[in-house]
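The values are calculated or read from the model by the stated rules, or taken from the named source; none is laboratory data. Just so we're clear, the structure is a prediction, and the values are computed from it rather than from any experiment. Ideal geometry is used to build each Cβ from the backbone, glycine not excepted, and the neighbour counts take in all protein chains shown. Just so you know, the surface numbers come from the protein's heavy atoms only, side chains and all, with ligands and any DNA or RNA stripped out. Shrake-Rupley method; radii C 1.70, N 1.55, O 1.52, S 1.80 Å.
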Amino acid sequence: MLTSGIVLIMTCAAFFVYEYITARETMRRQMSTLGQIIATNSTAALAFDNQQDAAETLNALKAENNIRAAALYDVNGKLFAKYPATIPAFYIPAHPGRLGYYFTDSYLEGFQVVEQDGTLLGTIFLRTDMKDMYHRFLLYGIIAVIFIIISFIFAWVISKKLQRTISTPILQLADTAKIVSDKQNYSVRAVKRSDDEVGLLTDAFNHMLTRIGIQNAEITGLNQNLENKVRDRTRELEMANEALTEQTEFSRNILDSSVDLIAVFDTDLRYVTLNKRGEETYKITQDKIIGRYVADVFPQTLNSGMVDDLKRALKGEFVRHVNYISGVTKRHYENFYIPLKDRDGNVNRIVTIAHDITDIMQANEKLQALNAELEKSNRELEQFAYVASHDLQEPLRKIQTFTELSERYIDNPDALKRYLEKVGSSAQRMTELIKAVLNYSRLSKSENDFVEVDLNNTLRSIFVDLELLIHEKEAVINHNNLPVTYGIPLQLHQLFINLITNSLKFNERKPVINITSEYVNGNDVNDVPEIIKHRDYIKITFSDNGIGFDQKFADKVFSIFQRLHADKRIEGTGIGLAVCKKIVENHQGFITVKSEPKIGTTFFIYLPVLHMSSTQFTKTSSTNTQAV
Amino acid sequence: MMAIPAFTQKASEYQVKAAFLFNFSKFLEWPPEAMGEPNEPFVVGVLGKDPFGSNLDEIIAGEKIMGHPMVVRRFNSTEEIDKCHILFIHVPGKTSEALNALKGKSILTVSDDEEFNAYGGIIKFYTENEMIRLEINIQAAKAANLTVSSKLLRIAKIYE
C-alpha cells in the first residue's frame, strides 16, 4: 500500500518535472523561432532606416498574448522600435544585452541578432510572460494530488477485498506450513476455502504434505534397512577381523617359536619384521628396527656378504649361504634368503632365515682336532709296528739263533754258557726296548701333573745319577742359572738326562757340554715355523763336541727307533730323542737340532712361559757348575 | 561580422545614401551571367558628378558580396560603362539619355532624379519627413533581369 503510494507519488513527481522542463524548453524554442521571424521581417526596415515599418513588424506580436514587450535596436545598439508602442522606455533595456533567452522571476526574455546575408543589421529583444505556464503547472499539480488521493482510496478498498479472498487463505496456509515445520507433523492439512488459484495452491500444498508423509515413511523404512545392513556388515567385519587377528597371531607365534632367526625385509632392505629369536640374538626389540635400512641398524653389515645376498634374493634368486659368520654376533650361521613375490610375480619381500651352526662348527673343529690326533696316533702305531717288525725282532732272532745253537751244542758247556749269556743279553735288550716303548707311550700330558719346576734342581739330580759316566768320560758340563718353569718334573728330568746321555755317548773325545738358557719371543724365532708369535718362550741350548751327524738327518733323529749310528759299541734304543720330542711337545714346546759331523751337535729347546715364576730368570753365567 | 555602414542622426544625406547603395546588394539578385566568375568584382558605379565624396569608398572598402570583392568605379559617360552592378546616376538633365544607353543591361540604376522612375530608372531616392525613402519601378527591375526582395518592396513605395 505504502510502496504503491510512493511509486505513484514518484511517478507523478517525475512526470511533473519532465513536463516542467519540457515546457520551459519548448517556450524557449518558441521564443527563439518567434524572434527569428521578427528579425527576418525587420531586416529591410533596419537596412533602410524605416522605423515605422519596424514598429509595424513588431506590432504583429499582438497575436501572441504572452509577449509583454519587444524592441529592435539598430546596428549601433540604439533603440530603433518598441512594442507595445505605448510602453514606457524604462521597461525595455536601453541597449542590447547578452544573446539568447533566459528565465527571470516571471518572464522569459532575451536578445537575438538581426542580420541579412551575414551582415549584422541590428538586435531584437523579446519578453514573454510565464504566468500561463505556471498556471498550467498549478493545474497539473492539483490534478495529480487529486488523482493520487483517489488512487489511494481505490487501492485501499481493493486490498481489503483481496485480503479477504487471497491474503487470508495464504496466511492460513503459511500458519499450517509453520505448524508442519515446527512440529514435524505431516498429518496436518490446510483448509480449502475456494476453487480459485489459492484453492489450487492449498490442494497442491496438501498433496505435497501427503507425498512428504509417504516419502518420510519410505525413508524411515530404508534407513532401518540400511542400519540393519550396516549392523550385519559390521558383525561380518568384526568376525573377519577376529579371524585375521587370530591368523596374524598364529603366524607370529610360528615365527617366534622358530629356533632360527627369521627376519623379513622390503625391497629397500628395510626391516618388516624380526622374530623373537632375532630380538634375543641382537638384543634389540622389533619396534627399534622396523622400517629401518639393515645397514643403518647394523653398520657391520654394510659391506658384508649379507647385503650382497639380500640383493641377489631381490632379483628372485633363492640364496643359501652355508657358513656365514655374523659381523654382529660373531657366530656361525647357515643363512637362507627367500624372495617372496606379489601377484604380478615381482619380489616384494625377502625372508631371511639364519640357522645358528656355531655349535656344529665347534664340534666339527673338535672332531678335526681329534682326527689329527688320531692320525698322529696311527702314525705312531705304524712306527710301533715297524719297531716290532725290525728292532724287536732282532733280539728275538738272536734268542732263536742262540737257543738253536745251545740245543746243538748242549754237550759243550763252555759254548752253551756263552750262548745262554747271549740269549740273556738279548732278552735283557728286549726288555729295555719294551720298557722304552712303554715309557714313550705312557708319556702323559695331563695338565694336572704340571708343577713348578726349578730346572737347576733337575740338572743337579742328573749330575748325581750320571756321576760315574761323567767321571768315566772325563766330561765337562757348563751351565748357567736355569729358570723355574711349570711342567712335569719327571719328563723334564728325562728330557735333560736323554740329551746329556747322548752327548756323553756319541763322543770320541772328552765331552764338553754347554747348557744355556734365555727368554725369547715367538716373533724373534726364525728356525721354528710352527712357533706361536707373540708368545714368550724359554730357550734352552744344549751343545756338545760329539761326533755329530749330517744336518740332512736333522728331522729323522727325532723319529722313534731311528738310529743313525749302527756302531755296536754305542748303546741305545733309538727311542731317546723321540721321547725328548714328545716331552717337549707335551709342554707345548718345540725342539730343533743343528749338527755337524765331528764338530758337535746343538739342541734348541723352546718351552712356553706358562706361568711367570716369582723367581726371576737371570742370564748370567757366573754360577757355572762344573761337574767332574 | 562585417564593417557596418553607419548612419546616425547627424549622418549627412549622402552618407545615408551610400549606406543604402551598399545595402541594395543584399536585397536584390543579379542574374548569374552578370555576376560572372567568383573572383570578378562587384562594381558599384557613380555616373556623372560624384556627390558622395569619400563616403561611398569608406563603406564599400574591403566588402564582399557572395565572394565577389566590391569596388567603386566612377564614370563620366555611359560609354565608359562596361561592367557595373549598381549605378548611381547623377547627370542632371541627361538622365533619360543615360538610361536609354544602359537599356538591356542588368544594372540596378539608382538616382535622386524626380522623374527617374518615369524615365525607366529602377530605384529613386526621395525625402519624406526628413527621412530618405525609396520608390521602386518593378517593371524596370524586371526589364533589367533583377529580382527584388519582398522585404525591400515592403518598405518601399512602388512606382505605378
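Note on A:T403: accessible area approximately 60 square angstrom, rounded to 10, probe 1.4 Å, nucleic acids and ligands left out. P(r) tail, the range A:186-344: Cα-Cα pairs separated by more than 21 Å, 66% of all pairs. Over 31 Å apart at the Cα level, from the set A:K510/A:K581; A:K160/A:K192; A:K435/A:K594; A:K552/A:K582; A:K422/A:K552; A:K330/A:K539, are A:K422/A:K552; A:K330/A:K539. Average accessible surface for the range A:229-308: 66 Å² per residue, computed with a 1.4 Å probe over protein heavy atoms with every protein chain in place.
Its Cα gyration tensor gives the range A:300-390 an equivalent ellipsoid; the semi-axes, largest first and in whole Å, are 47, 14, 9.
Hey, with R₀ at 25 Å, roughly what FRET efficiency would A:I148 and A:S32 work out to, going by the Cβ-Cβ distance, to 0.05?
Values: r = 36 Å, r/R0 = 1.43.
The pair A:I148/A:S32 has a calculated efficiency of 0.10.
Buried area at the A:B interface is about 2000 square angstrom, summed over both chains, from accessible surfaces computed with a 1.4 angstrom probe.
For the range A:122-182, the square roots a ≥ b ≥ c of the C-alpha gyration tensor eigenvalues yield an a/c of 1.5 or more together with a/b exceeding b/c, which makes the shape prolate.
So what is the 222 nm mean residue ellipticity for chain A from helices alone, if each DSSP H run of at least 4 adds -39500 (n - 2.57) and you divide by all residues, rounding to the nearest 500 deg cm²/dmol?
Dividing the helical sum by the residues of chain A leaves -17000 deg cm²/dmol.
Could you work out the relative contact order of the range A:28-135? I mean the mean sequence separation of Cα pairs under 8 Å and 6+ apart, divided by the number of residues, in percent. Relative contact order of the range A:28-135: 31 percent. Of A:D132, A:D411, the residue with the largest accessible area leads and the full order is A:D411, A:D132 (1.4 Å probe). Can you work out the FRET efficiency for the pair A:E452 and A:T248, with r the C-beta to C-beta distance and R0 = 41 Å, to the nearest 0.05? Using R0 = 41 Å, I get an efficiency of 0.05. Database remark: amide H of A:E115 closer than 5 angstrom to the amide H of A:L121 (H placed geometrically; neighbours at sequence offset of 5 or more, or on other chains; Pro and chain starts carry no H). Scanning residues 5 or more positions from B:V46 or on other chains, those with amide H under 5 Å from its amide H are B:R73, B:R74, B:F75, B:F88, with H placed 1.01 Å from N in the peptide plane.
Three semi-axes describe the equivalent ellipsoid of the protein assembly as shown; taken as square roots of 5 times the Cα gyration tensor eigenvalues and ordered largest first, they are 176, 53, 24 Å.
Across the protein chains, with a 1.4 Å probe defining accessible surface, the residues A:W156, B:W30 rank A:W156, B:W30 from largest area downward. Of the whole protein surface, B:C84 contributes about 10 Å² of accessible area at a 1.4 Å probe radius.
Projecting label points 7 angstrom from Cα along Cα→Cβ for A:L374 and A:D527 puts them 3.7 nm apart.
Values of log10 I(q)/I(0) for the range A:96-149 across q = 0.18, 0.25, 0.30 Å⁻¹ run -0.69, -0.91, -1.06, by the Debye formula with one identical scatterer at each alpha carbon and no solvent.
Take every Cα pair under 8 Å whose residues are at least 6 apart in sequence, average their separation, divide by the length of chain A, and the relative contact order is 7 percent.
Of the residues A:D555, A:D342, A:D359, the one with the largest accessible area comes first in the ranking A:D555, A:D359, A:D342, computed with a 1.4 Å probe on protein heavy atoms.
Taking the inverse of the mean 1/r over every pair of distinct Cα atoms in the range B:13-158 gives a Kirkwood hydrodynamic radius of 15.2 Å.
Taken along the Cα-to-beta-carbon direction at a fixed 7 Å, the label points for A:I434 and A:L610 span 3.2 nm.
The simple spin-label model puts a point 7 Å past each Cα toward its Cβ; for A:E238 and A:E394 those points are separated by 10.1 nm. For A:K366 and A:D465, the FRET efficiency from 1/(1 + (r/R0)^6), where r spans their Cβ atoms and R0 equals 30 Å, is about 0.15.
Using a probe of 1.4 Å on the protein chains alone, the accessible area found for A:E421 is around 110 Å².
Taking only the Cα atoms of the range A:1-91, the radius of gyration and Dmax are 20.5, 70 Å.
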